[in-house]
Amino acid sequence: QVQLVESGGGLVQAGGSLRLSCAASTTLFNIGAMDWYRQAPEKQRELVASIGRDGNTYYLASVKGRFTISRDNAKSTMYLQMNSLKPEDTAVYYCQMEHTFTNYWGKGILVTVSS
């Protein structure tokens, strides 16, 4: 059973930075899309950023220019560099990887941005 483990969350002041990581518990070959989602209290989960196998990226409009998604296929790991954080970025962040027609999810990691 493949598990995804997120790390790098925590509490940061507004304007600060955090780097999230998401690693698969086993080496996966030919991973498809890698995505970061977030869910704030009493809000629906939303797609924050995505990176395809070809390296093409997508960003939620509110994070564009502040967040950068990247991937290391050799390590079956993905990252989310978050700069200029705002209180509205506070949420539980989840990673997702697509592999052999299955979407694997992490358990989520809390990011709290204080004003």
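Picking from residues in segment 87-115 that are surrounded by 12 or more Cβ atoms within 10 Å (Cβ to Cβ) and of a type in the set (Gly, Ala, Ser), the one that is farthest from Ala33 (Cα to Cα) is Ala91.
Taking residues in segment 6-28 that are under 13 Å from Tyr104 (Cβ atoms), and partners anywhere that are assigned to a strand (DSSP E or B) and acidic (Asp, Glu), the pairs with Cβ atoms closer than 6 Å and at least 6 places apart or on different chains are Cys22/Glu6. Hey, among the residues in segment 83-107 that are in a strand (DSSP E or B) and aromatic (Phe, Trp, Tyr), which one's farthest from Leu47 (Cα to Cα)? Result: Tyr104.
Annotation: Gln44 fulfils all but one of (1) in contact (Cβ under 8 Å) with a residue 24 or more places away in the chain; (2) of a type outside the set (Asp, Glu); (3) assigned to a loop (DSSP other than H, G, I, E, B); the unmet one is (1). Of the candidates Ser84, Ser70, the single residue that is modelled with pLDDT of 95 or more, surrounded by fewer than 18 Cβ atoms within 10 Å (Cβ to Cβ) and under 10 Å from the mean Cα position of the chain (by Cα) is Ser70. Listed by position, the strands (runs of 3 or more DSSP E) contained in segment 1-41 that have at least 1 residues being closer than 22 Å to Asn73 by Cα, among the basic types (Lys, Arg) and modelled with pLDDT of 95 or more are 18-24.
Pull up segment 50-66, narrow it to residues that are touching a residue at least 24 places away in the same chain (Cβ under 8 Å) and open to solvent by less than 40 Å² (accessible area, probe 1.4 Å), then point me to the one that is farthest from Ser17 (Cα to Cα). Per the stated criteria, the residue is Ile51.
The values are calculated or read from the model by the stated rules, or taken from the named source; none is laboratory data. It should be emphasised that the depicted structure is a prediction, and the values quoted were computed from it without experimental measurement. Positions of Cβ are generated from backbone atoms using ideal geometry, with glycine treated the same way; all protein chains shown enter the neighbour counts. When the accessible area is computed, the model is the full protein with side chains, heavy atoms only, and any ligands, DNA or RNA have been set aside. Shrake-Rupley method; radii C 1.70, N 1.55, O 1.52, S 1.80 Å.
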